[in-house]
Structures are given as structure tokens and as C-alpha cells.
Amino acid sequence: MSSPSNGKLWAGRFSKAVDSRVNDFNSSIRFDSRMYAEDIDGSIAHAAMLQSKGILSKDEGERLIAALLELKQEMAEGKVVPPEDAEDIHTFVEAVLTERLGDAGKRLHTARSRNDQVATDLRLYLKRHVPRVSAALAELVETLWVRAEEHADTLMPGYTHLQRAQPISFGHHLMAYAFMFLRDMGRIRDALTRMDESPLGAGALAGTTYPIDRHQTAAALGFAAPAGNSLDAVSDRDFCLELLSAFSILMMHLSRFAEEIVLWSSWEFRFIELDDAFATGSSIMPQKKNPDVAELVRGKSGRVFGSLMALLTVMKGLPLAYNKDMQEDKEAIFDALDTVLLCLSAFTPMVATMRVNAAAMEQACAKGFLNATDCADYLVSKGLPFRDAYKITGQMVSFCIERNTELSALSLAELRRFSPLFDNDVYDAIEMRACLDRRQSFGGPAKESVLRQVQTARKELKNYR
Ligand code: ARG
């Protein structure tokens, strides 16, 4: 007896075809067909295992594997494209095999479920494609240290609260981001290591009565091991959430950097000028050169954070094991992956090509009392307790603000009105470049320290390769 299946593999117990609106609503083929290679590789591993266990005959196994390889090739070449009304990539592949092989195709689904299939496909896809993010990050880190070496002693104001604080070097500032992006690489690597377990063979939720070998399929697909609990294997999407968290933190870092690039390229700062190829113009204001790439990166951080929130919310109330809600995992993780790659592809060359206006940075150091801490430190070196030195320097700063002048412009007589400890050597001590050069503490902004940081970053990056 045949049922009105409209092509559904699961049509047996139904007496009506699915409503076309439900079919559209339910279908995931629009976004899961990008996992076709992983789905087919999973089926090949499964078929080979079934055959070696005698669950499929040698002939059936061989025909299945040959047909799967052929289909993979055809899909890679665009000769076979899943129709829009297909349910998902898993049912599509099985349907093609059944059409081409008859009974052998129908036997492929023995001892497996779409639930272990989709969990396997997605892990496999991410194992293969997320390393592209790590490679793009490596390129960014390399770019940063190249530019940091160029500017290891380019004087620049360091800020807190966006108020001028103490002198640093531009190289020091860039290396701060290099270390953030190295940690992002570490988080991604950790997530990939933890998700390196194969769900295949977990079945719908409760394993199977067939004598399958999950170690064999796990090894064939390049997983470190089979997942240890069949219910867990098909239920959780923590591997997506970990990656989304790592991507969100990475986007937060990129977004802060983008914000600084927007600030630095403004006329108020003029610390950098973006290369013409990495900026855009205005349709009405002829003078404009806008930092669109940086702004768009800053803006796109929102959609990655959104995907993390969306999937956390999808998962938080689901009873074990699979629920259809979980189909929402793929658009979230795919969009985040695509967004991160897209942002990095434009951001890195923008950083590589931006021109640095060292003169403007140095000029910005002349105002704002960046050497006030050094002035207090000078008094400390003459024997004053730091708290007293701090207070005296504060009074000197307010004296200078009233007269619109700088600490270094005060005469020795004026200085001595604040403290008799001042001597002629104070001018060398509070000279801005000297203030930078003396900041040689580990991790600090002095040239030698920045160059050491570059060496550390080089070593760390090797660990991630
Ligand atoms: N398209 C589904 C998804 O992406 C595949 C798993 C379907 N499993 C099921 N029991 N309906 O989640």
C-alpha cells in the first residue's frame, strides 16, 4: 500500500501529504546544503562500517560508497543541486541514493538517525571551516607585529577614560590587540579540541541494537573519539555555543579596535590616515573620507552577539533529546562564521595599509600633562613620599592649566615655589620621550619592551599552528 508521501522518507504513518506551507516552514535545505560534503562523508563512513560488520553485504556497501562519492563530485561541480522544496540535506542525499540504487540506497539509514547525522555533520563542518578563522587571525596578528616593529618608538598618548594619561608608543598599543587576538585563537582552538567527538551511531537518542562500531566511524571521519553518551551526543549544541562565545569575544575586540580607528582617523586626532582603497567618500560632502570598514566591523559585532543570545535562548528550555527548535543552530553559527571571516578579510589589509601620522601623535603628547606621573616620580627620587609628590604635582598642573602652559615650560624658580627639591635635571626627567624610554618594566611601552613583546607573540603564534 502506498501513502501520499509527497516524497517524504518518513511518510509511512501519514495519511495526508504535508501542507506546502508547513513544508516551506520546516525545510532547512536553504542553509544546511552547505554541509553536503560532510553529510556524504558521514554516510560513507557509516556505510563502510555497516559493511565491515556484515550489516550490509559487500556489494551493497561498495555500490553505496561509489554512489556517494559520485554524488559528492556532482554536487561540488554544481551538476546536482537540491531542490528548494527538499526537507534537508540528509533526506536529500538519501533520496538521491535510493533513486539511483534502489534497495541498497534504502539500507543506508540502518542503525542511524537524522539526529546523530545532523550533530555529526555540523561538528565535522565546523572542524573543517573554523580553522579559516584561526588562519585569518594569524594574519592579523602578523600584520600587527610588523606595524608594531615599525612604530616601536613612535610616541603616542596613552588614555584612560579617553583622557590623556601617560606616554606610550604606537607599537605598544598595537601589541595590546595582538595579544587579545592570540587569546581569541586560543579560545577557538580549545573549543575545537572539546568538540572533537563523533555523535555518529548515537542513533535517534538510545543507540542501536545492531553490532555497530562507533570507534571505527569516529576514526574514519577524523574525530578523536566517539561521544560517550548517546543522549548527550544528539542533545547538546554546546560546541556551537562555545564557538559563538569565542567569536563574540573576538568581535568585541575587533569592534574596540575599529572604534579607535574611527577616532584616530578623525580630524580631531589625525593619528592615522586610511589608505584610499580602504575608505569611502560621501555622496554630498566632497572633503569626506569615511572609515566605513571600521564602522561596519563595529556594527557587525551586533549580529554575532545576537546569534550567541539566540542559540542560548533556543537551548535553555529543551528537554532531552533532539527537538526541532535545534534546527535554529545552523543559521546562527553559519552567519557568525561568515561574519567573522568577512570582517577579518577587510580589517587586516586596512590595518596593514593605514598611514601613521607620528608627528600628530607626538604633538598630542605635548598637551595634557602626560608627564605628570613622571614629575611626581622625580620628586620621589629626591626623597619625597609618593603621596606628597602626587599632591604637589597636582597643584602644579592646576597652576599650569590657569596659565595655559605646560610643566616643562615652568622656570626653575617657579618650580621651586612648589618644592625646593626641584633642580635643573627635572627638565630631562619630564621630557616626553624620556618618559617613554624609561618605561622599561616587563610588558611596558619602551622600545625594547615592545620588541620583546613581538618575539613573545611570534612564539605564541607558533603554538597555534
Ligand atoms: N534538519 C534537521 C535539523 O537541522 C535535521 C534533524 C531532523 N531530525 C528530526 N528528528 N526531525 O535539525
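The values are calculated or read from the model by the stated rules, or taken from the named source; none is laboratory data. All figures in this text were calculated on a predicted structure; none of them were measured in a lab. Cβ atoms come from the backbone with ideal geometry, glycine included; neighbour counts cover every protein chain shown.
Numbers below:
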read-out	value
Which numbered condition Ser15 misses (of (1) surrounded by 13 or more Cβ atoms within 10 Å (Cβ to Cβ); (2) more than 19 Å from Gln327 (Cβ to Cβ); (3) not basic (Lys, Arg))	(1)
Ala310 vs. criteria surrounded by 13 or more Cβ atoms within 10 Å (Cβ to Cβ), within 16 Å of the ligand (Cβ to nearest atom) and of a type in the set (Gly, Ala, Ser)	yes
Residue in segment 242-259 that is in a strand (DSSP E or B) and among the basic types (Lys, Arg) present	no
The lone exception for Ser301 - which of (1) within 20 Å of Phe31 (Cα to Cα); (2) surrounded by 18 or more Cβ atoms within 10 Å (Cβ to Cβ) it fails	(1)
The lone exception for Phe239 - which of (1) surrounded by 18 or more Cβ atoms within 10 Å (Cβ to Cβ); (2) more than 29 Å from Ser113 (Cβ to Cβ); (3) among the hydrophobic types (A, V, I, L, M, F, W, C) it fails	(2)
Criterion: out of contact with any Asp or Glu (no Cβ under 6 Å at 6 or more places or on another chain) and closer than 20 Å to Cys365 by Cβ - qualifying residue of Glu414, Glu406	Glu406
Any hit, segment 317-329, residues being surrounded by 15 or more Cβ atoms within 10 Å (Cβ to Cβ), part of a helix (DSSP H, G or I), acidic (Asp, Glu) and touching a residue at least 60 places away in the same chain (Cβ under 8 Å)	yes
First in segment 100-120 and in a loop (DSSP other than H, G, I, E, B), second anywhere and within 10 Å of the ligand (Cβ to nearest atom), Cβ under 7 Å, 6 or more apart	Ser113/Ala204
Counted residues, segment 260-274 - those being touching a residue at least 12 places away in the same chain (Cβ under 8 Å), within 11 Å of Asn290 (Cα to Cα) and not in a helix (DSSP H, G or I)	3
Answer residue from segment 313-329, given it is among the charged types (D, E, K, R) and out of contact with any Cys (no Cβ under 6 Å at 6 or more places or on another chain) and is nearest to the ligand (Cβ to nearest atom) among those	Lys324
Some residue of segment 199-213 being outside any loop (DSSP other than H, G, I, E, B), modelled with pLDDT of 95 or more and not hydroxyl-bearing (Ser, Thr, Tyr)	no
All positions within segment 165-182 that are among the small types (Gly, Ala, Ser), surrounded by fewer than 24 Cβ atoms within 10 Å (Cβ to Cβ) and closer than 13 Å to Ala446 by Cβ	none
In segment 169-203, the residues that are under 30 Å from Thr154 (Cβ atoms) and hydroxyl-bearing (Ser, Thr, Tyr)	Ser169, Tyr177
Test set (1) within 33 Å of the chain's Cα centre (by Cα); (2) of a type outside the set (A, V, I, L, M, F, W, C); (3) within 16 Å of the ligand (Cβ to nearest atom) - Glu74 fails condition number	(3)
Within segment 433-465, tally of residues that are assigned to a helix (DSSP H, G or I), of a type in the set (A, V, I, L, M) and surrounded by 18 or more Cβ atoms within 10 Å (Cβ to Cβ)	5
Number of the condition not met by Glu273 [criteria: (1) touching a helix residue (DSSP H, G or I) at 6+ places or on another chain (Cβ under 8 Å); (2) under 21 Å from Thr154 (Cα atoms)]	(1)
Residue, farthest from the ligand (Cβ to nearest atom), within segment 330-352, restricted to residues that are crowded, with 16+ Cβ neighbours inside 10 Å and hydroxyl-bearing (Ser, Thr, Tyr)	Thr348
Enumeration of residues in segment 418-432 that are surrounded by 13 or more Cβ atoms within 10 Å (Cβ to Cβ) and assigned to a loop (DSSP other than H, G, I, E, B)	Ser419, Leu421, Phe422, Asp423, Ile430, Glu431
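For every residue, the table says whether it meets (1) in a loop (DSSP other than H, G, I, E, B); (2) not small (Gly, Ala, Ser).
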| position | (1), (2) |
| --- | --- |
| Ala376 | no, no |
| Gly383 | yes, no |
| Asp388 | no, yes |
| Gly394 | no, no |
| Ser398 | no, no |
| Ala413 | no, no |
| Arg416 | no, yes |
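Quick grid of which residues meet (1) within 24 Å of Glu94 (Cβ to Cβ); (2) within 26 Å of the chain's Cα centre (by Cα); (3) within 16 Å of the ligand (Cβ to nearest atom); (4) of a type outside the set (Ser, Thr, Tyr):
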| site | (1), (2), (3), (4) |
| --- | --- |
| His109 | yes, no, yes, yes |
| Ala119 | yes, yes, yes, yes |
| Ala138 | no, yes, no, yes |
| Leu144 | no, yes, no, yes |
| Ala178 | no, yes, no, yes |
| Ala206 | yes, no, yes, yes |
| Asp213 | yes, no, no, yes |
| Thr217 | yes, no, no, no |
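Residue-by-condition table, conditions (1) more than 16 Å from the ligand (Cβ to nearest atom); (2) surrounded by 15 or more Cβ atoms within 10 Å (Cβ to Cβ):
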{"position": "Val22", "(1), (2)": "no, no"}
{"position": "Ser28", "(1), (2)": "no, yes"}
{"position": "Tyr36", "(1), (2)": "no, yes"}
{"position": "Ile44", "(1), (2)": "yes, yes"}
{"position": "Gly54", "(1), (2)": "yes, no"}
{"position": "Glu60", "(1), (2)": "yes, yes"}
{"position": "Thr98", "(1), (2)": "yes, yes"}
